[in-house]
Amino acid sequence: MKDKRSVNVRGITLIALVVTIVVLLILAATSISMLSGNNGIITQAKNAKEKTEEEGENEQNLLDKTGNSIDNYVSGAYDGWNSAKGVNQPSLSSRMVAVYWTEDGEEIYSKIAEDGNPDPSGEVNPNFDWNLWYDYVAQTGTTDGTSKWANAISLDGNGTCYCVWIPRFAYKITSGLNSSSTGKVEIKFLKGTSNEDKDGNKISKEYPATNGNAMSDFVIHPSFVNGTANNFSNGEWDSEIGGYWVAKYKMTTDIQGEDIFQGSIPGENRRINYMEYQYALANYYNKSCNSHLIKNSEWGAIAYLTQSNYGRNGNKVSANNTYYSGGSRNATATTNVSQSSTGNPYGIFDLVGGGEFVAGYAGFLNRMTSGLDFAYAELPKITTGTYFRWRDDVLRNKMVNTKFITVYPCDRTNTETVYNYNIYANTKMFGDAILETTTVNNSDLNSWENISNIYFDFKKCYMIRGENGIFSYEAITNGGYGYRIVLM
């Protein structure tokens, strides 16, 4: 007979079930609380998502703003007048990088390479503030050092060139005209390539009447004007322009065989003895930007802007009597600022002391030809084609003005200084900071800044500027002087 075994079945009691349900509800409530609410996971995730999207949008806006700023300044997008700054905005070529300086002297570039150096093909620098780039300030009293002219670095294949922007302007000499007393110059910046100032007043290209030692009205500086109709007699260009770039320092040059390196950098100044070399080298630097040896008209524009309350405000520019551009070995823009056209890092240096060639000359062919032929033979790489048209013009007896060179009239049979100066004075040339800032004193010429014994002797056919002051000039045969380029 089989045993009957009882099976003990264990079940969940009602109490246990209730406790389990309560625990599950508590856990669910806790989980829901963690997921929702102001501090919940879902809310935090949502906030993080929104913050990420907002930061991404802000970053994109910054990049778009920076990109638009670059586009506004790069050639091709140039639209002239900057109403906020009251001046024509600088036009950057594709090989230029904008630069400014911090209070600590650090250079800040608009575009940079991975190593942080300026690079026009590099990344946009998010730390570059376009509002700090420049500010042409009208200073009051005798104050200077607060006007910031726009600076850029041209990184052409032939070398690095720091440049300063000279915007289109009209000028008026209010005292010292045609005298040896240092006078005052007023400046009005003009809109785009027009003849209008910021208030809509129209300025003439014709020289105004004079009243004693002052001009009665403003005149557009000829270096910004289309001079094709009058054969570039005042050093004009071949179109109306909104401004141009001038080398910040005298050029340094290194010629190694057929390899030629040029730059406008502080701390070094290698002189080239022949003016013909310098003319050719300046034209060679950047053909696409019409680089050329600075003309007297462009020097005059710098001198007048420097003398005005947008520059040194009547204060003298200190001389650089060293062989180093920028005033000393290993100089930077923040050293030797008394030698700057603005009294701070933003101006043009090396304007006074040592002298430099400008593209102004008289027609003494017998003194030019040998030097031109020598330069032509020594620099075959750059003196062919359009780079050295001057030589060909001279050798063909074509002593004419071009947009690159200004011819000064003279009597080639008479080399007396005042005699030839009076011939020049009768032409009524203006804007070059010579005739307007000089007077005849017996057998001598005296200029602003109390500069005397200035020579206008055209048996010496080349002209130099800046040896004794920004208003000094001298005609010479040749010699070891520096040079400076202009980029259009």
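Annotations for the structure displayed:
- Residue check, residue 138 surrounded by 19 or more Cβ atoms within 10 Å (Cβ to Cβ) and of a type in the set (A, V, I, L, M): no
- Screening the stretch 92-107 for residues that are of a type in the set (Ser, Thr, Tyr) and part of a loop (DSSP other than H, G, I, E, B) and picking the one that is modelled with the highest pLDDT gives 102.
- Exactly one residue among 146, 102, 142 is under 23 Å from residue 168 (Cβ atoms) and among the β-branched types (Val, Ile, Thr), and that residue is 146.
- Here the strands (runs of 3 or more DSSP E) wholly within the stretch 444-488 that include at least 3 residues being at pLDDT 90 or above and either more than 22 Å from residue 223 (Cα to Cα) or of a type outside the set (Asp, Glu) (or both) are 485-487.
- Failed condition for residue 267, given (1) touching a strand residue (DSSP E or B) at 6+ places or on another chain (Cβ under 8 Å); (2) modelled with pLDDT of 80 or more: (1)
- Residue under evaluation residue 129, criteria (1) modelled with pLDDT of 95 or more; (2) among the acidic types (Asp, Glu); (3) loosely packed, with under 10 Cβ neighbours inside 10 Å, criterion not met: (3)
- Of all the listed residues (114, 123, 107), the sole one being of a type in the set (D, E, K, R) and within 18 Å of residue 332 (Cα to Cα) is 107.
- Counted as qualifying within the stretch 284-399 are the helices (runs of 4 or more DSSP H) with 1 or more residues that are modelled with pLDDT of 85 or more, namely 296-307.
This table checks each residue for (1) modelled with pLDDT of 95 or more; (2) surrounded by fewer than 20 Cβ atoms within 10 Å (Cβ to Cβ); (3) over 30 Å from residue 333 (Cβ atoms).
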position	(1), (2), (3)
164	yes, no, no
168	yes, no, no
175	yes, yes, yes
178	no, yes, yes
185	yes, no, no
205	yes, yes, yes
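- Matching residues, the stretch 197-237, being more than 23 Å from the chain's Cα centre (by Cα) and at positive phi: 200, 212, 231, 232
- Scanning the stretch 420-445 for residues that are within 18 Å of residue 175 (Cα to Cα) and more than 31 Å from the chain's Cα centre (by Cα) yields 439, 440.
- Residue match in the stretch 275-288 (condition: buried (at least 21 other Cβ atoms within 10 Å of the Cβ), under 17 Å from residue 169 (Cβ atoms) and out of contact with any Leu (no Cβ under 7 Å at 6 or more places or on another chain)): no
- Residue pairs whose Cβ atoms lie under 7 Å apart, sitting 6 or more positions apart in sequence or on different chains, and linking a residue in the stretch 221-245 that is under 11 Å from residue 403 (Cα atoms) to a partner that is of a type in the set (A, V, I, L, M) and part of a helix (DSSP H, G or I), are 223/301.
The values are calculated or read from the model by the stated rules, or taken from the named source; none is laboratory data. On a predicted model such as this, the values are computed, not experimentally measured, just so you know. Positions of Cβ are generated from backbone atoms using ideal geometry, with glycine treated the same way; all protein chains shown enter the neighbour counts.
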